[in-house]
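Please read the structure below before turning to the comments.
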Amino acid sequence: MAKPAKPTKQAGRARHVPQRTCVACRQTEAKVGLVRLVRTPDGVFADPTGKQPGRGAYLHAQRSCWEHGIRHSLASALRTSLSEADAQRLAAFFEALPQE
């Protein structure tokens with residue numbers, strides 16, 4: 001009895017792209033287009049690699065999203081309160097991002 005042929009991959013099939021939502025403006029975008037922020041026991045940090053353990057939230061690399069996120073929605077998305085040190089650290093990270 002002959003073995004059935006293995007199914008081959010379809011040539012034109014699109015690759016799955018993970019989607020995430022910016023916590024400030026609520027727009028959905030590809031994960032690579034957003035900046036991940038992570039809550040750790042030491043505070044809230046930017047996670048450029050997206051691999052740090054901890055609760056994460058995403059923001060666009062736009063001034064309006066960062067200002068709104070730091071003042072309003074980021075603390076609730078991370079289920080914590082942002083300390084002054086966290087806010088300063090995140091603001092310094094945003095200032096270091098390249099301008100678009």
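The values are calculated or read from the model by the stated rules, or taken from the named source; none is laboratory data. This structure is a prediction, so every number in the text was calculated from the model and none was measured. Note that each Cβ is placed from the backbone with ideal geometry, even for glycine, and that neighbours are counted across all protein chains shown.
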Might you check whether a residue that is surrounded by 15 or more Cβ atoms within 10 Å (Cβ to Cβ), at pLDDT 95 or above and out of contact with any Phe, Trp or Tyr (no Cβ under 8 Å at 6 or more places or on another chain) occurs anywhere in the stretch 7-22? no
Scanning the stretch 48-100 for residues that are basic (Lys, Arg) and more than 12 Å from Cys25 (Cα to Cα) gives Lys51, Arg55, Arg71, Arg79, Arg89
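Of all residues being assigned to a loop (DSSP other than H, G, I, E, B) and touching a residue at least 12 places away in the same chain (Cβ under 8 Å) in the stretch 66-81, which is surrounded by the fewest Cβ atoms within 10 Å (Cβ to Cβ)? Just the residue, please. Even if it seems obvious, please write down each step before you answer.
Filtering the stretch 66-81 for residues assigned to a loop (DSSP other than H, G, I, E, B) gives 78-81.
Subsequent filtering for residues that are touching a residue at least 12 places away in the same chain (Cβ under 8 Å) retains 78-80.
Numbers: Leu78: 19, Arg79: 9, Thr80: 14.
Here the answer is Arg79.
Do you know which residues across the stretch 82-97 are without any contact (Cβ under 8 Å) to a residue 24 or more places away in the chain and closer than 18 Å to Asp47 by Cα? Lay out the reasoning, then the answer.
Taking the stretch 82-97 as the starting set, the residues that turn out to be without any contact (Cβ under 8 Å) to a residue 24 or more places away in the chain are 84, 87-88, 92, 95-96.
Within the stretch 82-97, Ala87, Gln88, Ala92, Glu95, Ala96 meet the criteria.
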